[in-house]
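Following: one structure in structure tokens, then a few remarks.
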Amino acid sequence: MKITPILALLTLVQLYAAAQDPWKIKAENIDPGNYYGITVANGIIGVVSSPEPFKVKNVILAGAYDTYGRGRVSNFLNGFNLLNMFLEVDGKRLDAKNTQNMQQELDMQHATFTTQLQYGKKANIKYTYYALRHLPFTVLMDVTITANEDLKLTAASVMETPDALRDVENYYNEIDRPHVTLSLLTSTAKSPTGKLQLCASNSFMFTEQHGNEPKIIHEMWDNNSHLMKFSKTLKAGETYTYSVVGSTISSAQHADPLNEAERMSIFAKLEGRDRLIKFHNKAWDDLWKSDIVIDGDAQAEQDIHSMLYHLTSFSRPGTAYSLSPMGLSGLGYNGHVFWDTDIWMFPALLVLHPDIAKSLIDYRFERLQAAKRNAFSHGYKGAMYPWESADTGVEETPVWALSGPFEHHISADVALAAWNYYSVTQDKTWLKEKGWPILSETADFWASRVERNGTNQFDIKNVVAADEWAENVNNNAFTNAAAKLNLKNASAAAAILGLPQNKDWALVEKNIPILKFPDGVTKEHESYKGEGIKQADVNLLAYPLKTITDKNQMEKDLTYYETRIPDEGTPAMTHAIFTLLYARTGHADQAYKYFKESYQPNLNPPFRVIAETKGGTNPYFATGAGGVLQSVLMGFGGLDITDKGIIQVPGVLPKNWKSIKITGVGLEGKTFTVYNKN
């Protein structure tokens, strides 16, 4: 067939449109040596994809920490890999070498991951897995085999134990009921110190009527791996579908995790595949009522959807769990909780999903007593939150990092998140019961932390700045400004609740200095002389602290500090703050430049997952996603969290964006739209 120029152009347009699907990220021609997996998660379980057919890379279980390996501190644990499988066709096991045309796709709208491949001329195979949103401890995998020739299929579900777990016990049980046979493949093991018990169980689901299902065979390979399998003969042209459903849980979530894992697997199996997918899809449909729609930049919209998808899939309401920098995508940063949550990820979730944001701040409230003990041990009053936190709320920073004993702005970051949660929800009951204890105890910390060096001079000395290359400095701009805001908001909370005003808080807040150079540029810290900085510090005073509100001062600080950021080795959030501030000050071109810079150089193949730094290889960096989302929501979109709730302030859009529409904002689910005036 002759291809005309018009037809060729039409084909290119169709291909481009397909590549820019706002909901689906597709990978073809997959290179296993240059592959960074993408995660399907439900806020409790994270399943990370693999380039190897019929495998998943790892399974992360939220809340499961133990001390092992790195840094003598609590680390995230890999959970049981309960979705691995193998397939054999006519006795030949399928793998990367003897299969062809593998394609993978993440559907962000309903949080599904699908792999398709071919086995020569004999068969086409497709499998899709889900971390079920409505069942927090349960996963599902669908497998479909289409026979192009007569064949015999053998399919197995393989339960594998991660290397760090010990004292493994494997079980296989069949429970017969009048209308169903329940075959359960189950494993349990202890965490490295024995602190936790982790358990997983799964079962096949067949489409055949009871009594006609394939016979299941159990095989024990070794102590760390066992499987169940079945065989099926298919005729040419026949399509066969089966599923694996399973649950995993630890003693961090349940007192009897072994039996509970099996109970939940039985529950899911008897719900049936169709009902599981129906309720899962409904849960994601509800989540996507809060959305960001960009008209005029299809790739940006897909990328923003990916960021929203990851933050919502890494968290869920009703858990009192928080977010680590890498979410549920792996063991990065040991799964610890930093300021990344309170300053970078929390605001976007608060605006679009206040119920999820409540879990994140409830995590901090539940660890308030540990923060008070931390302050006591350092000679201070009130609550001093740890720089790195895990399950108990004690300091979990490895001792070689000075941020543990010195990066004190984290306490003010937590307090800001608490105040912002109240500001958006206006929930006075929550403020009294949880917000006030956080705000008042952290305010007491700062009142005891300052050094009162004479009239009008209350210094905060010897800190690690938000710019973490500035260690053991005095009067850091961000630390001081965040402390002042903490004290101010605590006083405001007291007024709202009808409590007596603490006069010392007001005195301290008034006398903490914010330093400047002779030309008026805000000075990062007392000894700062213009050297390169790791990440935004001074610029955070304009947002999110709003200590600096004068446009000229914002622009002066932006002009100065944007030249202090190196091209390599800095985390992604700084450029997002530049984006937000340039958008708010009316500089569309500069804002768009930094928007692209904030994440595009950090993307890794084949799913555009974000690494922490340009050229980095440690995805998925949920902190960076949170920063970029704020640049869109609060920068281009103009949303602003105020004491009276969410309002919209003027901003500008990039020239190539026609509009931005933000839906499902706040408790009332409002819609805000910005149109390009160019």
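One table, with the values for the structure above:
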| item | result |
| --- | --- |
| Qualifying residue in the range 249-259 (condition: exposed (fewer than 14 other Cβ atoms within 10 Å of the Cβ), within 30 Å of LEU629 (Cβ to Cβ) and not assigned by TED's automatic domain parsing to the domain that holds ASN676) | no |
| Entirely in the range 591-678, the strands (runs of 3 or more DSSP E) that have 2 or more residues that are in contact with a Ser or Thr (Cβ under 7 Å, 6 or more places away or on another chain) and over 30 Å from SER50 (Cβ atoms) | 639-642, 659-665, 670-675 |
| Candidates TRP400, TRP344 - the one that is at pLDDT below 95 and over 30 Å from LYS503 (Cα atoms) | TRP400 |
| Lone qualifier among GLY33, GLY63, GLY37 - being under 17 Å from LEU165 (Cβ atoms), over 13 Å from the mean Cα position of the chain (by Cα) and not assigned by TED's automatic domain parsing to the domain that holds TYR309 | GLY63 |
| Close pairs from the range 599-628: first among the basic types (Lys, Arg), partner assigned to a helix (DSSP H, G or I), Cβ under 6 Å, at least 6 apart | LYS614/PRO601; LYS614/ASN602 |
| Some residue of the range 446-455 being buried (at least 24 other Cβ atoms within 10 Å of the Cβ), in contact with a Lys or Arg (Cβ under 7 Å, 6 or more places away or on another chain), part of a helix (DSSP H, G or I) and not β-branched (Val, Ile, Thr) | no |
| Qualifying residue in the range 619-635 (condition: farther than 20 Å from PRO22 by Cα and at pLDDT below 95) | yes |
| Flag if VAL521 is closer than 29 Å to TRP400 by Cβ, β-branched (Val, Ile, Thr), in contact with an Asp or Glu (Cβ under 9 Å, 6 or more places away or on another chain) and free of Cβ contacts under 8 Å to residues at least 60 places away in the same chain | no |
| Selected residue (only one of ASP355, ASP391 is assigned to a helix (DSSP H, G or I) and outside the structural domain of GLY71 (by TED's automatic domain parsing)) | ASP355 |
| Enumeration of residues in the range 68-96 that are at pLDDT below 95 and of a type in the set (Lys, Arg) | ARG70, ARG72 |
| Qualifying residue in the range 571-590 (condition: of a type in the set (A, V, I, L, M) and either outside the structural domain of LYS614 (by TED's automatic domain parsing) or surrounded by fewer than 24 Cβ atoms within 10 Å (Cβ to Cβ) (or both)) | yes |
| Which listed residue, of ALA320, ALA371, ALA283, ALA348, is buried (at least 22 other Cβ atoms within 10 Å of the Cβ), small (Gly, Ala, Ser) and not assigned by TED's automatic domain parsing to the domain that holds TRP387 | ALA348 |
| So GLY194, is it surrounded by fewer than 16 Cβ atoms within 10 Å (Cβ to Cβ) and at pLDDT below 95 | no |
| Spans of strands (runs of 3 or more DSSP E) in the range 23-137 with at least 1 residues farther than 18 Å from PHE607 by Cβ | 45-49, 56-67, 74-78, 85-89, 100-107, 112-119, 123-131 |
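Residues are listed down the side, and each one gets a yes or a no for (1) of a type in the set (S, T, N, Q); (2) in contact with a helix residue (DSSP H, G or I) (Cβ under 7 Å, 6 or more places away or on another chain); (3) crowded, with 20+ Cβ neighbours inside 10 Å; (4) not assigned by TED's automatic domain parsing to the domain that holds LEU497:
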{"position": "GLN457", "(1), (2), (3), (4)": "yes, yes, no, no"}
{"position": "ASN462", "(1), (2), (3), (4)": "yes, yes, no, no"}
{"position": "ASP467", "(1), (2), (3), (4)": "no, no, yes, no"}
{"position": "ASN475", "(1), (2), (3), (4)": "yes, no, yes, no"}
{"position": "PHE478", "(1), (2), (3), (4)": "no, yes, yes, no"}
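The values are calculated or read from the model by the stated rules, or taken from the named source; none is laboratory data. Just so we're clear, the structure is a prediction, and the values are computed from it rather than from any experiment. All Cβ positions, glycine included, derive from the backbone under ideal geometry; neighbour counts span all protein chains shown.
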